[in-house]
Amino acid sequence: MRQVWRVLLRNPGGMIGIAILIVAVTVALIGPLLFPTSPWRMVQRPFLPPFTLAGFPLGTDALGRDVMAGIIYGARVSLLVGLISTLASLAVGIPLGAVAGYFGGRIDDALMRFTEFFQTVPSFALAIVLVAIMQPSIVSIVSAIAIVSWPPVARLVRGEVLSLRTREYVQAAVVTGQTNWWIIWREILPNALSPVIVLASLMVATAILLESSLSFLGLGDPNLMSWGYMVGAGRTVIRQAWWITVFPGIAILVSVLALNLIGEGLNDALNPRLAKGGR
Amino acid sequence: MSKRKILMSLATMCVLSTAAVAEGPKPGGVVNAVIQPEPPSLMMGLVQNGPTQMVAGNIYEGLLRYSPKLDPLPGLAETWSVSEDGRVYTFKLVKGVTWHDGKPFTSADVLFSIEFLKQTHARARGNLVQLDKVEAPDESTVVFTLKQPFGPFIGIFEVGSLPMIPKHIYEGTNFKTNPANNTPVGTGPFMFKEWQKGSFIRLVKNPNYHVKGKPNIDEIYWNVIPDAAARSVAYETGKVDVLPGGSVENFDVPRLSKLKNTCVTGAGWEFFSPHSWLWLNNRSGPTANKKFRQALMFAIDRNMAKDVVWNGLGKVATGPSGSAIKYYTSAVPKYDYDPAKAKALLKEAGYNGEKVRMLPLPYGETWQRWAEMVRQNLQDVGINVEMIATDVPGWNQKVSEWDYDIAFTYLYQYGDPALGVGRNYVSSQIAKGSPFNNVEGYSNSEIDKLFADGAVAFPDSAREEIYAKAQKILVEDVPVAWMLELQFPTITRCSVKNLITTGIGVNDGFRDAWIEK
């Protein structure tokens, strides 16, 4: 593990990604201390341009709400949704993929057809339908994102498990009479984890984008300020007040970029041979 | 700032239009207007939704038209009189009127239209409840006899409420499947010419129109443009000259009104008087408590909503009636923005932080922003509001099934409290399944009696007294939280003159309009 960190720290892209992410997480954690009032509160005149008043560096929106406060509170929602929905889809995808890969045969067939069923439906369309049916709220959004994003995890884990299952140390474990579940848990999964970690970091980015897109379409939780909501609400006035859409847009861009850089960095660190070959 | 701009352009428009009268209208020209959304049909006797009325109001006519003050003006009827006892209405029709196909329009068409609309037009059916019989002693006279005096009766002859339908085309046919529905024939200033679905509706001048010298404009194109931003752009690029109320987002209005040769007016909606309020569920939860409801009224900053969300257009509502509605009175308890008072009332009401569900009206950005603003106002005084996101069918369902605590809405009021106000407060109108009746579940026998008496009281001074009393009681009880009298600004090139002259504005406006060259 220490070696992974060393490689990661030597990777400039990964470093930048981690730095940005640390800033974003810090802002999300301590931001509400700096801006104790609700981001929905109307604090100044509407359409105040950025950099004109000291207290409102990013200006105000159509109702006079502070754009800066919106971005800080939005960071909480975006990161939280990204993290929880990724964890949820890992919780579904890893066991499913592991079981399918380890046992093979009919179980594998059944589970993979089930997975394909989800993969054939365009994921964003499915997410929209799910949120619309369940009524937009933070719970329904996280569930919808988890439901549409677990299949790639399942397929990846299955592939890894398929190849690891034939390794000698696994065979040895089988011969010594350990139970299947124990073998999967102790011998196979730890070794299958590195590509999953890489995938997960990219999934957080995708989840943030999905949440933003849903909020943009007006399917966000109406009680939570999020970046996608800010872009969507500012869209109609973009010609009069560009800053309402541009700043949250930059926030989305930067955080998604950071997660992608981290993903790349992790990939290089966890697959050293691939990294050397590529460079 | 934006508000001042609009007021200035309003003032400019007034100045310009008086100047125009001095110059006199000039014939000729083509007008491009926007129609949003595309109407399902132009047969006004069968379909009466907003866009249908807006286009077809220039094809069909009613017996009367109404001034912005809602006084009756001659339409197809030249003169009219009401008997001493308020039960007999006699209309003298304009002579020599012809349908667009050349057939003469007579009193027989009026009798037929009444029968037709009783079958097809829910609101007309309601308006005609007090009608005992209608007769035509000669070709140009129609006599309506009522069961008892019904003050609002003089207000039901507007083109969208009681359009005249050609008897020679529809008699003895199945009204709904008559092929003539696709090529509407009326007596109005413009004739239907062509309809390219999804693109435009084209009306041309009626050369035989019964008012000499009118209309001035040769052709009207009603352009169908589905996206609000694209409609603004179409105006900016000069593709369209008239943006009727509600066809662009409110946020675009200040920008468009700053353009050269652009006039903005909020006039032309007096007959409909769109009135907005929050349904408050009077049956259960905190909103069942009168003190809590009064606290809401003090907690909500309605002036700020008007200035920020509606760009200064509209008026803060003082009670159940819009100020353009007959017998409106401002002598009612006042609810100015006063959070401290709201907090005190909440305490008195014993509100303990219970969650209150709020449904915004899913009609686009303006309504969403407004709901967010009200939620903030309510949270500021300590009310625990949770906003529920819905789409239009979901909103309809929740409101008509009474599954809400607070819900945004707005309704038309049709000029008279008996036609468009009473329905939201009398207990006989409490019925699941409609979002337009007494949805809040307010029940007060005194109010029931006042509205029942008011509809049939005679003469008008008696009605005035009754409705003043009713308004006072309602405003004290706050069955719903009245927000704003809405104004939907109409944006036009200033060279389009005299478009809005009546209480229904663009709907019958092109009769008098002309273009300055």
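The values are calculated or read from the model by the stated rules, or taken from the named source; none is laboratory data. Because the structure is a prediction, the values reported are computed rather than measured. For neighbour counting, all protein chains shown are included, and Cβ atoms are generated from backbone atoms with ideal geometry for every residue, glycine included.
For the stretch B:253-272, the criterion of being over 30 Å from B:TYR328 (Cβ atoms), among the hydrophobic types (A, V, I, L, M, F, W, C) and within 14 Å of another protein chain (Cβ to nearest Cβ) is met by at least one residue.
Exactly one residue among B:VAL233, B:VAL211, B:VAL248, B:VAL242 is touching a residue at least 40 places away in the same chain (Cβ under 8 Å), within 14 Å of chain A (Cβ to nearest Cβ) and more than 30 Å from B:ASP405 (Cβ to Cβ), and that residue is B:VAL248. Restricting B:ASN289, B:ASN303, B:ASN282 to those that are surrounded by fewer than 21 Cβ atoms within 10 Å (Cβ to Cβ) and farther than 30 Å from B:SER67 by Cα reduces the list to B:ASN289. Residue-level check: of (1) assigned to a loop (DSSP other than H, G, I, E, B); (2) surrounded by fewer than 20 Cβ atoms within 10 Å (Cβ to Cβ), B:GLU194 misses just (1).
The residues listed here are A:SER38, A:SER85; of these, the one that is part of a helix (DSSP H, G or I) and among the polar types (S, T, N, Q) is A:SER85. Do we have B:TYR337 as away from chain A (no Cβ under 12 Å), part of a loop (DSSP other than H, G, I, E, B) and at pLDDT 95 or above here? Answer is yes for this residue.
Which residues, taken from the stretch B:117-166, are part of a loop (DSSP other than H, G, I, E, B) and either loosely packed, with under 15 Cβ neighbours inside 10 Å or aromatic (Phe, Trp, Tyr) (or both)? Those that are part of a loop (DSSP other than H, G, I, E, B) and either loosely packed, with under 15 Cβ neighbours inside 10 Å or aromatic (Phe, Trp, Tyr) (or both): B:VAL129, B:GLU139, B:LYS147, B:GLN148, B:PHE150, B:PHE157. When the stretch B:94-109 is limited to residues that are in contact with a Leu (Cβ under 8 Å, 6 or more places away or on another chain), surrounded by fewer than 24 Cβ atoms within 10 Å (Cβ to Cβ) and touching a residue at least 40 places away in the same chain (Cβ under 8 Å), the one that is nearest to B:ASP416 (Cα to Cα) turns out to be B:VAL94.
Within the stretch A:29-44, restricting attention to residues that are surrounded by 13 or more Cβ atoms within 10 Å (Cβ to Cβ) and within 14 Å of chain B (Cβ to nearest Cβ), the residue that is farthest from the chain's Cα centre (by Cα) is A:GLN44. With the structure loaded, tell me whether B:TYR410 is buried (at least 20 other Cβ atoms within 10 Å of the Cβ) and not aliphatic (A, V, I, L, M) or whether it fails that test. Spelling it out, it is not the case that B:TYR410 is buried (at least 20 other Cβ atoms within 10 Å of the Cβ) and not aliphatic (A, V, I, L, M).
Only one of the numbered conditions (1) within 14 Å of chain B (Cβ to nearest Cβ); (2) touching a Pro at 6+ places or on another chain (Cβ under 6 Å) is violated by A:PHE47, and that is (2). Across the stretch A:238-277, the number of residues qualifying as more than 25 Å from A:LEU193 (Cβ to Cβ), of a type outside the set (Gly, Ala, Ser) and not in a loop (DSSP other than H, G, I, E, B) comes to 10. Counted as qualifying within the stretch A:121-225 are the helices (runs of 4 or more DSSP H) with 1 or more residues that are hydroxyl-bearing (Ser, Thr, Tyr) and within 14 Å of chain B (Cβ to nearest Cβ), namely A:138-165, A:189-216.
Considering only residues that are assigned to a loop (DSSP other than H, G, I, E, B) and away from chain B (no Cβ under 14 Å), look in the stretch A:55-71 and name the one that is nearest to the chain's Cα centre (by Cα). Filtering first and then ranking leaves A:LEU58. Just wondering, is there one or more residues in the stretch B:311-321 that are modelled with pLDDT of 95 or more, of a type in the set (A, V, I, L, M, F, W, C) and within 26 Å of the chain's Cα centre (by Cα)? Yes: one or more hits.
Scanning the stretch B:491-515 for residues being surrounded by fewer than 24 Cβ atoms within 10 Å (Cβ to Cβ) and under 14 Å from the mean Cα position of the chain (by Cα) gives a total of 0. In this structure, is A:LEU257 at pLDDT 90 or above, surrounded by 20 or more Cβ atoms within 10 Å (Cβ to Cβ) and within 30 Å of A:PRO32 (Cβ to Cβ)? No; evaluated as a whole, the condition is false for this residue. The strands (runs of 3 or more DSSP E) found wholly in the stretch B:348-444 and carrying at least 3 residues that are closer than 12 Å to B:TRP279 by Cα and either away from chain A (no Cβ under 11 Å) or touching a strand residue (DSSP E or B) at 6+ places or on another chain (Cβ under 6 Å) (or both) occupy B:355-359, B:406-411.
Of all residues in the stretch A:226-237, those satisfying the criterion of being crowded, with 23+ Cβ neighbours inside 10 Å and not in a loop (DSSP other than H, G, I, E, B) are A:TRP227, A:GLY228, A:TYR229, A:MET230, A:VAL231, A:GLY232, A:ALA233, A:GLY234.
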